[in-house]
Amino acid sequence: MTRTTLFQDLDALLEPIGDGASIVVPTETNGVAMAATRALIRKGVKDLTLVGGPTSGLQVDLLIGAGVVSTIECAAVSLGEFGIGPRFRAAAEAGRLTIRETTCPAVHAALQAGEKGNPFMPLRGIVGSDLLERRPDWRVIDNPFASEGTHDPIVLLPAITPDFALFHAALADVHGNVWVGRRREIMTMAHAAGRALVTVEGIYDGDLLADETMAPGTLPALYVEGLSVQEKGSWPLGFADAYPTDAPHMRAYVAAAKSEEGFARYLDEFVLNRAAAA
Amino acid sequence: MADYSRGELLATVLADTVGYARCITVGAVSPIPAAAALLVRETAAKPVDVIILGSTRHFPFTDGGREVFDFAGRGRIDVFFLGGGQIDGAANINLVGAGPWDAPKPRFPGSFGSAYLYYLVPRVILFREEHSRRVLVPKVDFVSAPGSSPPEVHRPGGPAALVTGKARFAFDKERRRFRLVSIHPGHDLDEIVAETGFDFDHDADVPATPAPTDAQLAILRSVAREELADTYPEFVRDQLAGPATAA
């Protein structure tokens, strides 16, 4: 029944991602695949576009700093209480990064258009924001359903259909079904993307779709291209209620990444050094 | 020395700006607005729903990250709190960056949900602790979301108030200007004028912001302290600990 390549190592999981690919990822503690992100840096791909879910943090900051990502579409790059992403800030200030400015519900809505195969989605708000100046691909039209003689401008967002959705989840079963629970924006991302690449904490003993309580929170294997078991796969970020963010590590990262030299040392120690990073 | 913390004072000021609300929603990394929302809930005559982004306990949604925005679009959120790297006298907010967009200094994190929620939530309360000419500018360099819109734009929402670490302002929608409502203890009008980069209206005598009442402090140090401990442990430890450790 399944065409999912199950339970491979990280290098095999990430094999389909080539230069220039676009990837959609979830937000900070909702299932960011950090172990896979470190493997992506080691792989040495470049010019990736990262669509943030709808905001991103440590993951995109690392990928920008390592020269993997050259274009982002994130409503914000924030490490939460640890502040702005230092490598994002440096790249943005130096003009080294293509930033497709957006706002959280626009990312959600454009992914919904993508999952339906529709060309666009309308969204309220935004009219009068300078976001429109930075997004020539967004259009403002008159609501065609407004009562006659009234002028009701509304924004149309083109669909987002990334090549890949990359995320971390709690469980997968041997059929390749993935349990995301209440983090249903991940389902939208996987529906909108071409293929989902997933790391999981562990294996579910049984069929997730056969269990009435688990099935509604389950992404069917139909969407899943590859799976890899990675315990603590979101570290140093927290993951749902399973484990908290490693705050001392985050503070150390923010301090190191303030300079290019410090960031390079961080990469050496925690990313390129496979023994420590895996 | 006052026997309340700075966070406790600001939470009571924010709570006072909320007015009546059925549903208050608080964004991520916003401990003081979260405490304010719980204070309103505990003192309101009618039930109030409090939604806190970033919290599991106070995030009663099951349809993914989009649901809170759909909830707002449908008119179900009455009050939301927004900040800004820059805020100007017409209540335009900038969460993108100071200076030119393609060479900002500094770059800010990004617009988050502001370009939507500012339009759709009836009462948006702007909150920024730093009260300086760096933040409160004559005109923002980038409009993440405007303070007001032409009449044809669908906009049931917008700014109601601005609270800083030094003062409380109300936004006059007709005049599109802020009016100084009160000045927090330890600050005066000359300082507010000197530290504010935009013109605002004020009376000759501006009242002092009232100190938190014992009843308010009791709620912050019991209910808010307990309910926010998971999401904001450091804030709870440093700001809602009671008189022994207060500023």
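The values are calculated or read from the model by the stated rules, or taken from the named source; none is laboratory data. Bear in mind that the values here come from a model prediction, so they are computed numbers and not experimental data. Cβ placement follows ideal geometry from the backbone for every residue including glycine, while neighbour counts extend to all protein chains displayed.
Some values worked out for this structure:
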quantity: Meets criteria (acidic (D, E) and over 27 Å from A:L48 (Cα atoms)) for A:D211; calculated: yes
quantity: Residues that are away from every other protein chain (no Cβ under 14 Å) and β-branched (V, I, T), drawn from region A:173-199; calculated: A:V174, A:V178, A:V198, A:T199
quantity: Count - residues of region A:140-164 that are part of a strand (DSSP E or B) and touching a Phe, Trp or Tyr at 6+ places or on another chain (Cβ under 8 Å); calculated: 4
quantity: Meets criteria (hydrophobic (A, V, I, L, M, F, W, C) and either within 14 Å of chain A (Cβ to nearest Cβ) or not in a strand (DSSP E or B) (or both)) for B:V163; calculated: no
quantity: Residue list for region B:128-150, restricted to those being under 26 Å from A:H108 (Cα atoms), surrounded by 24 or more Cβ atoms within 10 Å (Cβ to Cβ) and more than 7 Å from chain A (Cβ to nearest Cβ); calculated: B:G147
quantity: Residue match in region A:255-269 (condition: within 18 Å of A:M34 (Cα to Cα) and under 20 Å from the mean Cα position of the chain (by Cα)); calculated: no
quantity: Candidates A:G114, A:G125, filtered to the one that is over 19 Å from the mean Cα position of the chain (by Cα), modelled with pLDDT of 95 or more and not assigned by TED's automatic domain parsing to the domain that holds A:L219; calculated: A:G125
quantity: Exclusive hit being within 12 Å of another protein chain (Cβ to nearest Cβ) and either of a type outside the set (A, V, I, L, M) or surrounded by 19 or more Cβ atoms within 10 Å (Cβ to Cβ) (or both), set B:P33, B:P106, B:P122; calculated: B:P106
quantity: Criterion (in contact (Cβ under 8 Å) with a residue 12 or more places away in the chain and outside the structural domain of A:I203 (by TED's automatic domain parsing)) met by exactly one of A:D152, A:D142; calculated: A:D142
quantity: Those helices (runs of 4 or more DSSP H) lying entirely in region A:170-278 with at least 3 residues in contact (Cβ under 8 Å) with a residue 24 or more places away in the chain; calculated: A:185-192, A:247-256
quantity: Residue in region A:90-112 that is touching a residue at least 24 places away in the same chain (Cβ under 8 Å), facing chain B (nearest Cβ under 10 Å), part of a strand (DSSP E or B) and more than 23 Å from A:W235 (Cα to Cα) present; calculated: yes
quantity: So B:V153, is it farther than 19 Å from B:C23 by Cα and either outside any strand (DSSP E or B) or touching a helix residue (DSSP H, G or I) at 6+ places or on another chain (Cβ under 8 Å) (or both); calculated: yes
quantity: Residue, surrounded by the most Cβ atoms within 10 Å (Cβ to Cβ), within region A:75-89, restricted to residues that are at the interface with another protein chain (Cβ under 7 Å from one of its Cβ atoms) and either aromatic (F, W, Y) or not in a loop (DSSP other than H, G, I, E, B) (or both); calculated: A:V77
quantity: Residues that are more than 14 Å from every other protein chain (Cβ to nearest Cβ), part of a loop (DSSP other than H, G, I, E, B) and aliphatic (A, V, I, L, M), drawn from region A:32-64; calculated: A:A33, A:V45
quantity: Conditions (1) farther than 21 Å from B:A115 by Cβ; (2) free of Cβ contacts under 8 Å to residues at least 60 places away in the same chain; number of the one not met by A:F120; calculated: (1)
quantity: Elements of type helices (runs of 4 or more DSSP H) contained in region B:169-239, each with 3 or more residues being buried (at least 21 other Cβ atoms within 10 Å of the Cβ); calculated: B:214-219, B:233-239
quantity: Residues (at pLDDT 95 or above, within 16 Å of the chain's Cα centre (by Cα) and not aliphatic (A, V, I, L, M)) located in region A:162-183; calculated: A:P162, A:D163, A:F164, A:F167, A:H168
quantity: A:V68 over 22 Å from A:R251 (Cα atoms), within 11 Å of another protein chain (Cβ to nearest Cβ) and of a type outside the set (F, W, Y); calculated: no
